[in-house]
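The values are calculated or read from the model by the stated rules, or taken from the named source; none is laboratory data. Please read all numbers here as calculations on a predicted model, not as lab measurements. Quick reminder, even Gly has a Cβ in these numbers, built from the backbone with ideal geometry, and neighbours come from all protein chains shown.
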Amino acid sequence: MGEEIDSLIKSKEAELLPFYSRMGEIKNQFIKETILFAAEWYRKTAKDYVAKYSQVTLGLSSETIVEMKVRVDDLAKNAEKIVKDELDIPALWWHEEPHLLDSIDRYKQVADRYSEVLDHALRRALGYLGVILEEFGYNVVASGDSASYKEFWFEHLPESRQIVPFYPHILKWSEEMQQKIREYDGQYILARELYIDLHRLKEEKKRQQALTRWDSK
């Protein structure tokens, strides 16, 4: 029985490997699409706020407007680093840190409700625009001042008292991003079942080893 269960464990592990590989590819594709999305989003959203708070814009000098445009452009050019810092984290991706009890709905999308763990990380990346909007007077607070009557573009990290930028409003992912996570979710559901089977086999092996040790004494 010991050799048989070892063979089954190896078989399940071999079945999982292609899933891990494919999920890694999809993750990288999703991050690539998110970088493109974020760079465009920074520029578009900055322009939206320039129009929304026109009285602020009209009160700025030409030099200040140019400075703000440069800051937003630099932010967009830095989208790759910002997005990777927030999204290229093993804890967000099941294939990099598999857990037995992760919800089957972890990456499920229903209408415009996206995977919570990924959407949250994306909102942190987008929140860096709020730092610029706050600096130039656009009714946004990204620094943590909750005493003002402005849009709160920040959150407190649960593990510390640190404040980080965070985009709080309705957000629609690009179609490409949605498609990639649908693909990832499909792989995840299948891989998760294999992982559960693998865990059961390993637990059965330990149970048999424990009984064998008991019976041998």
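Here the helices (runs of 4 or more DSSP H) wholly within segment 1-104 that include at least 3 residues being modelled with pLDDT of 95 or more and of a type in the set (Val, Ile, Thr) are 2-52, 62-77. The C-beta contact set for segment 142-161 (first residue on the phi > 0 side of the Ramachandran plot, second residue surrounded by 13 or more Cβ atoms within 10 Å (Cβ to Cβ) and not aliphatic (A, V, I, L, M), distance under 6 angstrom, 6+ apart or interchain) comprises Gly144/Phe154. In segment 11-51, the residue that is nearest to Val70 (Cα to Cα) out of those that are of a type in the set (Asp, Glu) and over 17 Å from the mean Cα position of the chain (by Cα) is Glu40.
Looking across segment 128-181, the residues that are among the charged types (D, E, K, R), over 28 Å from Ile26 (Cα atoms) and part of a loop (DSSP other than H, G, I, E, B) come down to Asp145, Lys150, Glu159, Arg161. Is there a residue being at pLDDT 95 or above, exposed (fewer than 11 other Cβ atoms within 10 Å of the Cβ), out of contact with any Gly (no Cβ under 8 Å at 6 or more places or on another chain) and not polar (S, T, N, Q) anywhere in segment 162-169? Yes: segment 162-169 contains one or more residues that are at pLDDT 95 or above, exposed (fewer than 11 other Cβ atoms within 10 Å of the Cβ), out of contact with any Gly (no Cβ under 8 Å at 6 or more places or on another chain) and not polar (S, T, N, Q). For segment 32-81, which positions are of a type in the set (S, T, N, Q), out of contact with any helix residue (DSSP H, G or I) (no Cβ under 7 Å at 6 or more places or on another chain), surrounded by 13 or more Cβ atoms within 10 Å (Cβ to Cβ) and without any contact (Cβ under 8 Å) to a residue 24 or more places away in the chain? Selection gives Asn78 alone.
Pairing each residue of segment 181-201 that is surrounded by 13 or more Cβ atoms within 10 Å (Cβ to Cβ) with any residue that is of a type in the set (Phe, Trp, Tyr), provided the two are 6+ apart or on different chains, yields C-beta distances under 6 Å for Ile181/Tyr107; Tyr184/Tyr107; Asp185/Tyr107; Gln187/Phe19; Tyr188/Trp94; Tyr188/Tyr107; Ala191/Phe19. The set of residues in segment 82-134 that are exposed (fewer than 12 other Cβ atoms within 10 Å of the Cβ) and in contact with an Asp or Glu (Cβ under 6 Å, 6 or more places away or on another chain) comprises Pro90, Ala91. Put simply, of Lys150, Lys205 the only residue that is out of contact with any Lys or Arg (no Cβ under 9 Å at 6 or more places or on another chain), within 28 Å of Leu8 (Cα to Cα) and surrounded by 14 or more Cβ atoms within 10 Å (Cβ to Cβ) is Lys205.
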